[in-house]
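*Asks:* I am attaching a structure below and will ask some questions about it afterwards.
The values are calculated or read from the model by the stated rules, or taken from the named source; none is laboratory data. Keep in mind the model is a prediction, meaning the values are calculated, not measured. Here Cβ is always computed from backbone atoms with ideal geometry, including for glycine, and neighbour counts include all displayed protein chains.
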Amino acid sequence: MELKISENTSWNLADMFADDAAWEKQMEEVRALGASLAARKGKAAENAQALLETLRLNDELNCKGGQCAVYAECRFHTDMSAARGKEMTGQLQILFTRLGEEIAFLEPELMRCGRAQFEALCETCPELALYRRMMEDLFDRTDHLLDDAGEALLTRMADLGGGYRQVFEDLVINDTPAPQVEGPDGEMVKVTEAGYFSALQNPDRAFRARYYDALLGLYGGHINTLASSYYGRVRADVYLAKSRRYPSARAAKLAANFIPEAVYDNLISTVRANCGPLQEYVEVRKRALGIEDFHFYDFFLPLTGEVARTYPFAEAAQMVMAATAPLGEDYAEKMRAALENRWIDVYPKDNKQRGAYSTGTYGFHPYMLLNYDNTLEDVFTLVHELGHSMHTIYSCESQPFVYSDYSIFCAEVASTVNEQLLYYYLLDHCDSDDLRRLLLCKHLDDLRSTFYRQTMFADFEMQTHAKVEAGQPLLPDGLCEIHAQLNRDYYGPQLVVDQSLSFEWSRIPHYYRAFYVYQYATGISAAIAIANRIRAGVPGAVEDYKKFLCGGSSEHPIELLRYAGVDMAQPQPVLDAVAEFAQTLEELKKLL
């Protein structure tokens, strides 16, 4: 069935609030709900009815507050120069900061209720059973709870630790002028992170080298300050973990999502043992480009001729519908609603937020922001964000509010399953070898950057935190050598590990959010395994996947993925990603 795409390609926020006045009214409701919840301090769980009222009040506060947040952020991101959008997001920030302080007592007070008392309260008030999973998760953290004074101290310490990323950003974004290098035409070119990928796709190798060395040199020129900033962030991670009686910073971070440390160890050990295909890819690129000394800046040059093809949004929408058809009619109906009913702000505009995202909140449909420019990459971005939105819809339709959100560990799975289905759909409908080579190269580069590279970054984090926990300092030369050795270990001897590449660790902002990046690698591994089951027609594969989509946070992430037929505690999903990379490389080699 042909899609009916609206001529108005901006999103319709009236589906949430009729106007800003309606939003202001709900903001007042949120303030009142916060005050009511704050007034329950010391008596939040004094009896069964009180506990039920507390938990329901907390749900209502978070639900309505989340709705206000999504509306304001969407208003702001479509025109970030408009005073009204800035004012609304400012109001939100002030309100949420105050609410956070006022209700900081709640989790510790609920934890102190204890399992036995909670079960006794459930006996007298069966409605409390809805919250059993949430309360069990809180009780599992009781051993890491401090007294009120200790909790207040750690809250302030966490705020201080967060300042190290601000130091990083102020130094490299605000206080350091962008260098300039000579471009291919002899004109001077400003070197920025925004221009990085475009510059490194330029066929002029000398220019690529100048640009890369200048950008990494920007960080290298501040390597002492950046090492001190990162060392401070790691020490803060270690301090907070020890204060809460966790065996390590990694254990503390993974415990937040109930991820066994074995998952992290399994990822790194399995990838390290299977870097052969990645190292062969370096060799293939080296031969195809006719390069003797392959540097990191040679990863981005296309291996195929230009494919003169654009993808208007209406055509892209039809493509993603066709690609995801194996997921069934109910999935298609939800996708159709998103594409036809102005859930998406499609095209770039002056002062619009860059990039792309999907955002959602309980009680309303999701919204997606794109900056669609008719490229193949934009088609993949569209299907990616639709995957997030479908996950949100299935979770919110299937779960009560308290379990409607899903963890970061699961967040990239649905989006990447969609990308996998689109990739294979396009391969099946290729009309030229050039397009096929382009798709194969894109798939390899996506896997290299998301699977292998993010695992390497996770390896770096594990090593640096372990050094601090062993009482060793993090010094500039040591950090650069760890990163350089990791590149040697993962990419092999065909990659020249030069000084510029050794500085690269210092430009990774995700390192200021410890033990986060590994989830990109586990997410793509799980998505490949799920998509392969669906494509192979495994009986029940689609139903298993939808059970995962519907799960929200009703189970821990590892259990939810098991519903979809994937066990991330085992090596097999990681090996599936390795096999996908190797098979794609073999097909590319036949076409080069």
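*Asks:* Count, please, the residues in region 28-53 that happen to be in contact with a Leu (Cβ under 7 Å, 6 or more places away or on another chain) and either outside the structural domain of ALA129 (by TED's automatic domain parsing) or buried (at least 16 other Cβ atoms within 10 Å of the Cβ) (or both). Full working, then the answer.
*Replies:* Applying the first criterion (in contact with a Leu (Cβ under 7 Å, 6 or more places away or on another chain)) to region 28-53 yields 30-31, 33-34, 36-37, 44-45, 48, 51-52.
Among the residues that remain, those that are also either outside the structural domain of ALA129 (by TED's automatic domain parsing) or buried (at least 16 other Cβ atoms within 10 Å of the Cβ) (or both) are: 30, 33-34, 37, 44-45, 48, 51-52.
The total comes to 9.
*Asks:* Can you confirm whether GLN353 is part of a loop (DSSP other than H, G, I, E, B) and either among the polar types (S, T, N, Q) or buried (at least 20 other Cβ atoms within 10 Å of the Cβ) (or both)? Reasoning before the result, please.
*Replies:* Numbers: part of a loop (DSSP other than H, G, I, E, B): yes; either among the polar types (S, T, N, Q) or buried (at least 20 other Cβ atoms within 10 Å of the Cβ) (or both): yes.
Yes: the conditions hold for GLN353.
*Asks:* If you don't mind, another one. Could you look through region 505-529, keep only residues that are in a loop (DSSP other than H, G, I, E, B) and aromatic (Phe, Trp, Tyr), and pick out the one that is farthest from VAL413 (Cα to Cα)?
*Replies:* To start, the set of residues in region 505-529 that are in a loop (DSSP other than H, G, I, E, B) comprises 508, 513-517.
With aromatic (Phe, Trp, Tyr) added as a condition, the list becomes 515-516.
On the way: PHE515: 18, TYR516: 15 Å.
Here the residue is PHE515.
*Asks:* Only one of these is farther than 23 Å from PRO476 by Cβ and at pLDDT below 95: GLN201, GLN180. Name it. Show your work before the answer.
*Replies:* Working: GLN180 fails: at pLDDT below 95.
Result of the check over GLN201, GLN180: GLN201.
*Asks:* Here's a follow-up. Out of everything in region 480-504 that is part of a loop (DSSP other than H, G, I, E, B) and on the phi < 0 side of the Ramachandran plot, what residue ends up being surrounded by the fewest Cβ atoms within 10 Å (Cβ to Cβ)? So that I can check it myself, show each step before the final result.
*Replies:* Step one: list which residues in region 480-504 are part of a loop (DSSP other than H, G, I, E, B), which gives 492-494, 496-498, 503.
Subset that is on the phi < 0 side of the Ramachandran plot: 493-494, 496-498, 503.
Working: PRO493: 10, GLN494: 17, VAL496: 15, VAL497: 17, ASP498: 18, PHE503: 25.
This residue is PRO493.
*Asks:* Restricting to helices (runs of 4 or more DSSP H) lying wholly in region 184-286: which have 1 or more residues that are touching a Leu at 6+ places or on another chain (Cβ under 7 Å) and aromatic (Phe, Trp, Tyr)?
*Replies:* Numbers: elements: 196-200, 205-220, 223-243, 249-255, 261-272.
The helices (runs of 4 or more DSSP H) meeting that bar are 196-200, 205-220, 223-243, 261-272.
Listed here are the residues, each with its yes/no results for (1) closer than 27 Å to GLY276 by Cβ; (2) free of Cβ contacts under 8 Å to residues at least 40 places away in the same chain.
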site	(1), (2)
VAL517	yes, no
GLY537	no, yes
HIS556	no, no
TYR563	no, yes
VAL578	yes, no
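*Asks:* Provide a single number: the residues in region 339-375 that are hydrophobic (A, V, I, L, M, F, W, C) and under 23 Å from GLN26 (Cα atoms). It would help to see each step written out before you state the result.
*Replies:* Here is the first cut: in region 339-375, the residues hydrophobic (A, V, I, L, M, F, W, C) are 339, 343-344, 346, 356, 364, 368-370.
Okay, now just the ones that are also under 23 Å from GLN26 (Cα atoms), so 343, 364, 368.
The qualifying residues number 3.
*Asks:* Those residues that are aliphatic (A, V, I, L, M) and either touching a residue at least 40 places away in the same chain (Cβ under 8 Å) or under 13 Å from TRP11 (Cα atoms) (or both), I need them from region 67-87; list them, please. Break it down into steps so the answer makes sense when it comes.
*Replies:* In the first step, residues of region 67-87 are kept if they are aliphatic (A, V, I, L, M); the result is 69-70, 72, 80, 82-83.
Residues satisfying the conditions are ALA69, VAL70, ALA72, MET80, ALA82.
*Asks:* Go through (1) surrounded by 21 or more Cβ atoms within 10 Å (Cβ to Cβ); (2) within 24 Å of the chain's Cα centre (by Cα) and name the single condition TYR211 misses.
*Replies:* Result: TYR211 passes all but (2).
*Asks:* Read through the list (1) within 22 Å of MET111 (Cβ to Cβ); (2) surrounded by fewer than 19 Cβ atoms within 10 Å (Cβ to Cβ), then give the number of the only condition that GLU7 fails.
*Replies:* (1)
*Asks:* A follow-up question, please. Those residues that are free of Cβ contacts under 8 Å to residues at least 60 places away in the same chain and either surrounded by 19 or more Cβ atoms within 10 Å (Cβ to Cβ) or over 15 Å from MET157 (Cα atoms) (or both), I need them from region 219-247; list them, please. Before the answer, list the steps.
*Replies:* At the first step, the residues of region 219-247 found to be free of Cβ contacts under 8 Å to residues at least 60 places away in the same chain are 221, 225, 228, 241-242, 247.
The answer is GLY221, THR225, SER228, ALA241, PRO247.
*Asks:* Of all residues in region 549-592, how many are more than 24 Å from TYR406 (Cβ to Cβ) and among the aromatic types (Phe, Trp, Tyr)?
*Replies:* Residues that pass the stated criteria total 1.
*Asks:* Further, regarding this structure: Can you tell me which condition TYR211 does not meet? The list is (1) within 22 Å of GLY162 (Cβ to Cβ); (2) at pLDDT 95 or above; (3) not acidic (Asp, Glu), and all the others hold.
*Replies:* (1)
*Asks:* Being more than 27 Å from the chain's Cα centre (by Cα) and aliphatic (A, V, I, L, M) narrows it down to one of MET88, MET27, so name that one.
*Replies:* On the way: MET88 fails: more than 27 Å from the chain's Cα centre (by Cα).
Every option except MET27 fails the conditions.
*Asks:* Okay, moving on. Pick out, from region 74-166, the helices (runs of 4 or more DSSP H) lying fully within it that include 3 or more residues that are hydrophobic (A, V, I, L, M, F, W, C) and assigned by TED's automatic domain parsing to the domain that holds GLU53.
*Replies:* Numbers: elements: 83-102, 106-111, 115-124, 132-139, 148-161.
In region 74-166, the matching helices (runs of 4 or more DSSP H) lie at 83-102, 106-111, 115-124, 132-139.
*Asks:* So, in region 287-325, exactly how many residues are in a helix (DSSP H, G or I) and among the β-branched types (Val, Ile, Thr)? So that I can check it myself, show each step before the final result.
*Replies:* Initially, region 287-325 is screened for residues in a helix (DSSP H, G or I), giving 287-289, 296-298, 313-323, 325.
This time we only want the ones that are among the β-branched types (Val, Ile, Thr), so: 320.
Adding up the residues that qualify gives 1.
*Asks:* Within region 163-191, take every residue that is touching a helix residue (DSSP H, G or I) at 6+ places or on another chain (Cβ under 8 Å) and under 17 Å from ILE508 (Cβ atoms) and give me the one that is surrounded by the most Cβ atoms within 10 Å (Cβ to Cβ).
*Replies:* PHE168
*Asks:* Among the residues of region 132-176, how many are of a type in the set (Ser, Thr, Tyr) and modelled with pLDDT under 80? Walk me through how you get there before you give the answer.
*Replies:* The first filter runs over region 132-176 and keeps only residues of a type in the set (Ser, Thr, Tyr), leaving 142, 155, 164, 176.
Retained after the next criterion (residues that are modelled with pLDDT under 80): 155.
Counting residues in region 132-176 that are of a type in the set (Ser, Thr, Tyr) and modelled with pLDDT under 80 gives 1.
*Asks:* Continuing with the same structure: Confirm whether THR270 is touching a Gly at 6+ places or on another chain (Cβ under 9 Å), closer than 24 Å to ALA531 by Cα and polar (S, T, N, Q). Walk me through how you get there before you give the answer.
*Replies:* Working: touching a Gly at 6+ places or on another chain (Cβ under 9 Å): no; closer than 24 Å to ALA531 by Cα: yes; polar (S, T, N, Q): yes.
Spelling it out, it is not the case that THR270 is touching a Gly at 6+ places or on another chain (Cβ under 9 Å), closer than 24 Å to ALA531 by Cα and polar (S, T, N, Q).
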